[in-house]
Amino acid sequence: MDDPNADTECAQNTSTLLLVERNGNSIASSTFNSLTAAAKIGGDVTALVAGEEPDTIASEISKITGISKVLVAKDKLYEHGLAEVYAPLLVAAQKKFNFTHLVAPHSAFGKNVMPRVAALLDVAQISDVTDIESPEIFVRPIYAGNAISKVKSNDPTKIITVRGTAFPPSTATGNNAAIEVAPDAEKPNITEWISEDLQKSDRPELGAATRVVSGGRALKNRENFDKLIYGLADALGAAVGGSRAAVDSGYCDNALQVGQTGKVVAPELYVAVGISGAIQHIAGMKDSKSIVAINTDPEAPIFQLADYGLVGDLFKAVPELTEKLKK
Ligand SMILES: Cc1cc2nc3c(=O)[nH]c(=O)nc-3n(C[C@H](O)[C@H](O)[C@H](O)COP(=O)(O)OP(=O)(O)OC[C@H]3O[C@@H](n4cnc5c(N)ncnc54)[C@H](O)[C@@H]3O)c2cc1C
């Protein structure tokens, strides 16, 4: 599919289905970034909202500029984002309305649902899209962001997940799109939602935060991580992230991992504390506007990327910095 000389002619009659990601009873911010990508494809954008009580979210999304229509699927089975029931729902909508593009955020939810949809429609999945050149040509990073690939898809339906940090959110209101019931879809009972254990936090969400403080293996244990990284993050009003080494060592939760196999962030400020800067970590934070690194090793690769570097012991530097920021 990779073809750098691909022709960029626009497809006729483009129409996109945007899968709305929910955070309980609110629209996840990733949806608004995906809407910008969907709008860039061109043509009408129909939003699909599903859940046990989806009416409030359907009404909210219908007011967002750029949405032509909202499809609503109301069923308890859609409440918890199970890919096994969402995929047939998207396929049913595609079959009825003949969408040329199906778009979702490149989140855990979108990454789970969309490849199933692609398989059911027997077309390719195009993941982690960072730019749209035309309705057929998409830009996406490969090799942990070390190369950029231009992908041309000749499939009749393009299945796309969108990297949120690559597209600004579309949140303008004033629209009044029609809301209608989504087509009936098969609801396979091959999986069942049992329970979830969600961390409640007043901190900004990692993927959307404007400031992020991340800690690495050098923190040595969870107590140090909690005290130093959370302390500095509180002083900065920042979200907290971690390297995979910090996650694997149990210093912080898996949801906080930044990098190739974690979250991709692009805040105004990224502070890397005791993180070496392995390529897999850099893949998740290199688009941050200002990068600050604290590390004892002047040769640490993170310093090649950092705008501000402090060669020093984090156990001395972080408490001092936190105190100064508090003042
Ligand atoms: C397929 C694959 C996917 C991966 N995905 C990810 C990913 O998504 N995210 C990710 O982060 N990693 C990922 N990794 C792991 C990655 O390769 C690194 O192992 C990891 O990022 C290292 O974490 P770290 O920087 O915390 O630890 P280290 O590399 O051990 O670095 C610790 C750093 O702390 C410094 N230090 C030590 N003591 C102090 C002190 N007192 N004060 C200040 N600095 C100190 C050291 O100089 C060193 O630079 C992946 C690896 C693979 C193979």
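General observations
- The simple spin-label model puts a point 7 Å past each Cα toward its Cβ; for Lys63 and Lys326 those points are separated by 4.1 nm.
- Relative contact order of the stretch 188-282, pairs being alpha-carbon contacts under 8 Å that are 6 or more residues apart, as %: 34
- Using Cβ point charges alone (K and R +1, D and E -1), the dipole size of the chain about the Cα centre works out to roughly 560 debye.
- Spin-label zone in the stretch 189-231 - amide nitrogen under 12 Å from a point set 7 Å from the Cα of Thr296 along the C-beta vector: 218-220
- Inter-label distance, nm, simple model (7 Å from Cα along the C-beta direction), Glu84/Asp131: 4.1
- Per-peptide packing, taken as the mean over residues of other Cβ atoms within 10 Å, places 259-268, 304-313 in the sequence 259-268, 304-313 from highest down.
- Among 230-236, 44-50, the order from most to least packed when residues are scored by Cβ within 10 Å on average: 44-50, 230-236
- Extension gain for Asp307-Asp122 works out to 62.1 nm (0.36 nm per residue, less the C-alpha to C-alpha distance).
- Angle in degrees between helix 108-121 and the longest Cα principal axis of the chain, rounded to the nearest 10: 30
- Residues in the stretch 78-108 that a label on Asn25 would reach, taking backbone N under 18 Å of a point 7 Å out along Cα→Cβ: 78-81
- In sequence order, the stretch 29-38 has phi-based couplings of 4, 4, 4, 6, 5, 5, 4, 4, 5, 4 Hz under the Karplus curve 6.51 cos²θ - 1.76 cosθ + 1.60, θ = phi - 60°, and Gly or Pro positions carry x.
- Computed helical MRE - 222 nm, the chain, DSSP H runs ≥ 4 contributing -39500 (n - 2.57), nearest 500: -7000 deg cm²/dmol
- By DSSP, the beta bridges lying fully in the chain are antiparallel in about 20 percent of cases.
- Treating each Cα of the chain as an identical point scatterer and summing with the Debye formula, the log10 of I(q)/I(0) at q = 0.07 Å⁻¹ comes to -0.31.
- Efficiency of FRET from Cβ geometry, Ile148 and Glu205, R₀ 35 Å, rounded to 0.05: 0.85
- Pair Lys111, Arg222: separation of 7 Å Cα→Cβ label points (nm): 2.3
Values in this text are rule-based calculations from the coordinates and carry no lab data. Bear in mind the structure is a predicted one, so any value in this text is a computation, not a measurement. Quick reminder, even Gly has a Cβ in these numbers, built from the backbone with ideal geometry, and neighbours come from all protein chains shown.
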